[in-house]
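The values are calculated or read from the model by the stated rules, or taken from the named source; none is laboratory data. Quick caveat, the model's predicted, so the values are computed rather than measured. Cβ placement follows ideal geometry from the backbone for every residue including glycine, while neighbour counts extend to all protein chains displayed. Note: areas computed on protein heavy atoms with side chains; ligands, DNA, RNA excluded. Shrake-Rupley method; radii C 1.70, N 1.55, O 1.52, S 1.80 Å.
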Amino acid sequence: MPPLYALDDYEGCMLDDDAVYCVVDVDLFSRRNSSLMKFIQGYSEYKMKHYNHTQLHRGVCVQKSCNDFIKDKQNITVGREVALERCLNESIWRSYEIEAKLGKVLYCKTKEDKLSYDVSDYVVAVIYLSLILLNIIGTSYDLMFCQKDKESGNPFLMAFSVNNNWSKLVAPSGVGSEPRLERLKLFHGLRAMTMICVIFSHTVLIMAFSYVDNPLFVEKSYEDPLKQILFNGSLVTHTFFVMSSFLLAYNFQLHAEKHEVTWLLFPKGIVMRWIRLTPTYALILATICTWMRHLGDGPLWQMVVTSEADACRQYWWAHVFYINNYLYNDAYCAPQTWYLAADTQLFCVGLFVCVFVRSSRARKIVLSVLIVISLVIPALHTYFQNLDAVVIQSPESSYRELYVRDDTFRLLYIRGHTNLSTFVLGLIGGFLAFHWQTEGKDFNKYKKYNWCVWLLFPAGVLVILSGGLFYIDGSKPSDFFRIIYATFYKPIFQTLVVCLIISIIFKVETVYRGIIEWRGFTWMGRVSYSAFLCHTMFQRGLIGAQTIPTHMSEYYVVVVLLATVFMSYVCGGLLWLLVEAPLGGVTKAVMGGNGKRQSDVENK
């Protein structure tokens, strides 16, 4: 078959004064009885595991590759599309004896096409310079005047002390006036490991989204059982919902022990969460909209990087108000942040339960009702909207189109109400853990069953691998099985996660606990939110700047993964030190120190 992707020499092309470089889609067809064309069409019809090879993707240097088809050599933009079509048709016919027509011109770039700096670029630059200046002033103030007694310093200036924030970043977990928080240090490790899994899945996604010279590597991956962990590994992302709700329930009860709980805590909690999350989030969105566009160039830069900037300029408001998961028209604007929107929506539900449902009996009833509702919702969506049980990671609808036309992803996977089950499970875990810890429940008698805890990890892997049932050739599960699986596979997996969390809190076993509570995860857990926000910028920059199609291999994926993890956590650490922690300190100072305690295990 003709290569699915090809790119002409971009840098050499753009050296010419009359340079025109076009990125186009080309549709194959044949007006004669072509066995090759029939094969291509038959191969492409298997959309679950194959790319659409009837449509090719090309980057073409018009003045070099198609010079013989240009009528007006003085102005090659005249009749450019006709020249492109004839040029591509001739080259494909010469090699394969099938025809091609121009499907779509994504964009064309000339030597004069330079992105100019606008007001928004300068505004964001001023914001960055202001933050740097504030951190210099705060750090200088701390070092010169507050080394002996930091508590006496101006809280607003101390909030911007890099020295002070660094101490917080590397401080041991759970150290403070509340000893019970020490048992929650596992959340740093769990958050860091989950974040690495998320980066892994996004690494493969963005590489498959780009131009690759061996698409067969992706297509054959569906036959590799080990790679099924990746195809259905999106389950791991929902661990964030469990951690979020677990900490909400636990910290709320801790707060209620020493403070009066009124209905005002509900709007206050929502506002505090918005203030805590949004400044850092907005700064990353602003960076994507402005300076990210200017940081590189390449034949795919406009498709991978500039398209995200354009989408974010149009839909930034949906992200700031955390409704972007219900407005997936902006699929190209930080698509990974659907989680932040869904988690914020579910946070409101969880906080409502905490504030307005106070008695133990009422909570049992409400949480039971919510569990039933949360199971019914995905079942109804799956049945009435005829959705897949899992998000099928197909080459075209998932990788090429970033799920924008995948109804299962848009209507079931990313929305807040369809993820209610995992959030409620976390709430139940948080309430139980606090109750058992407060009453001093003895778990020593359960330590003889620590082998059950050891089985949690392989059981979780089996749940993930079970998604491979929907990729089996020639086998289509019944509608009943599809609905049942869609209803229960996320709750089953996250129930295992809740059991793991509780077993570690109460020291039922030592192997998993020793790994997850490793001291090195402490700072990584604290900066995971910032790393989450910025990791796709590095991946998009890498793919956007490529001048030849990527050659995918296991080794190359691992290299890009490790590079992304390193850069994301370095950037996340700087973002935490210079933005997230200072603004958190300012918020605390504005609240006069009477706001809810922001512990080092606070949910992000």
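Which pairs have Cβ atoms under 6 Å, sit 6 or more apart or on different chains, and link a residue in the stretch 221-234 that is open to solvent by 50 Å² or more (accessible area, probe 1.4 Å) to one that is assigned to a helix (DSSP H, G or I)?
Final answer for the pair search is 229/464.
Condition first: among the small types (Gly, Ala, Ser) and surrounded by fewer than 19 Cβ atoms within 10 Å (Cβ to Cβ). Now tell me which residues in the stretch 466-505 satisfy that.
The answer is 466, 468, 474, 475, 478.
From the set of residues in the stretch 31-56 that are free of Cβ contacts under 8 Å to residues at least 24 places away in the same chain and not polar (S, T, N, Q), which is nearest to residue 94 (Cα to Cα)?
32
Considering only residues that are part of a loop (DSSP other than H, G, I, E, B) and open to solvent by 40 Å² or more (accessible area, probe 1.4 Å), look in the stretch 516-549 and name the one that is nearest to residue 203 (Cα to Cα).
545
I'm checking my understanding of the structure. Among residues of the stretch 530-555 that are among the hydroxyl-bearing types (Ser, Thr, Tyr) and touching a residue at least 12 places away in the same chain (Cβ under 8 Å), which one is nearest to residue 191 (Cα to Cα)?
530
Can you pull out the residues in the stretch 198-242 that are over 19 Å from the mean Cα position of the chain (by Cα) and β-branched (Val, Ile, Thr)?
Once the filter is applied, which keeps residues that are over 19 Å from the mean Cα position of the chain (by Cα) and β-branched (Val, Ile, Thr), the stretch 198-242 yields 212, 218.
Using beta carbons and a limit of 7 Å, which pairs, at least six apart or on different chains, have the first residue in the stretch 269-285 and closer than 24 Å to residue 255 by Cβ and the second one open to solvent by 40 Å² or more (accessible area, probe 1.4 Å) and aliphatic (A, V, I, L, M)?
The qualifying pairs are 279/583.
Can you tell me which residues in the stretch 82-117 are within 37 Å of the chain's Cα centre (by Cα) and without any contact (Cβ under 8 Å) to a residue 40 or more places away in the chain?
The answer is 112, 113, 114, 116.
Quick one: in the stretch 451-465, of everything that is open to solvent by less than 40 Å² (accessible area, probe 1.4 Å) and more than 23 Å from the chain's Cα centre (by Cα), which residue is nearest to residue 482 (Cα to Cα)?
The residue in question is 459.
Quick one: count up the residues across the stretch 485-515 that are in a helix (DSSP H, G or I) and either without any contact (Cβ under 8 Å) to a residue 24 or more places away in the chain or polar (S, T, N, Q) (or both).
The number of residues fulfilling the criteria is 5.
For every residue, the table says whether it meets (1) open to solvent by 30 Å² or more (accessible area, probe 1.4 Å); (2) touching a Lys or Arg at 6+ places or on another chain (Cβ under 8 Å); (3) not in a loop (DSSP other than H, G, I, E, B).
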{"site": "23", "(1), (2), (3)": "no, yes, yes"}
{"site": "32", "(1), (2), (3)": "yes, no, no"}
{"site": "36", "(1), (2), (3)": "yes, no, yes"}
{"site": "41", "(1), (2), (3)": "yes, no, yes"}
{"site": "81", "(1), (2), (3)": "yes, no, yes"}
{"site": "101", "(1), (2), (3)": "yes, no, yes"}
{"site": "128", "(1), (2), (3)": "yes, no, yes"}
{"site": "131", "(1), (2), (3)": "no, no, yes"}
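Looking at 173, 120, which is the one that is out of contact with any Cys (no Cβ under 7 Å at 6 or more places or on another chain) and closer than 22 Å to residue 579 by Cα?
Result: 173 is the single residue among 173, 120 that is out of contact with any Cys (no Cβ under 7 Å at 6 or more places or on another chain) and closer than 22 Å to residue 579 by Cα.
Before we move on, is residue 138 of a type outside the set (Val, Ile, Thr), farther than 30 Å from residue 302 by Cβ, at pLDDT 90 or above and surrounded by 14 or more Cβ atoms within 10 Å (Cβ to Cβ)?
So residue 138 passes the test.
Tally the residues that are touching a Leu at 6+ places or on another chain (Cβ under 8 Å), in contact (Cβ under 8 Å) with a residue 24 or more places away in the chain and surrounded by fewer than 21 Cβ atoms within 10 Å (Cβ to Cβ), restricting the search to the stretch 403-417.
Qualifying residue count for the region: 1.
Tell me, which residue of the stretch 557-595 that is closer than 30 Å to residue 6 by Cα and free of Cβ contacts under 8 Å to residues at least 24 places away in the same chain is nearest to the chain's Cα centre (by Cα)?
562
Of all residues in the stretch 341-365, which are open to solvent by 50 Å² or more (accessible area, probe 1.4 Å), of a type in the set (Lys, Arg) and either closer than 20 Å to residue 239 by Cβ or not in a loop (DSSP other than H, G, I, E, B) (or both)?
361, 364
Only one residue in 15, 28 is within 16 Å of residue 95 (Cα to Cα) and not in a helix (DSSP H, G or I). Which one?
The unique qualifying residue is 28.
Is one or more of the residues making up the stretch 251-261 open to solvent by less than 50 Å² (accessible area, probe 1.4 Å), outside any helix (DSSP H, G or I) and within 30 Å of residue 56 (Cβ to Cβ)?
Scanning the stretch 251-261 turns up no residue that is open to solvent by less than 50 Å² (accessible area, probe 1.4 Å), outside any helix (DSSP H, G or I) and within 30 Å of residue 56 (Cβ to Cβ).
Here is a check on your reading of the model: is residue 263 farther than 17 Å from residue 534 by Cβ, among the aromatic types (Phe, Trp, Tyr) and touching a residue at least 12 places away in the same chain (Cβ under 8 Å)?
yes
Results for (1) in a helix (DSSP H, G or I); (2) closer than 23 Å to residue 124 by Cα, shown as yes or no for each residue.
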| residue | (1), (2) |
| --- | --- |
| 263 | no, no |
| 270 | yes, no |
| 275 | yes, yes |
| 279 | yes, yes |
| 282 | yes, yes |
| 304 | yes, yes |
| 315 | yes, yes |
| 336 | yes, yes |
| 339 | yes, no |
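Just name the residue that is farthest from residue 245 (Cα to Cα) out of those in the stretch 361-379 that are among the small types (Gly, Ala, Ser) and in contact (Cβ under 8 Å) with a residue 24 or more places away in the chain.
379
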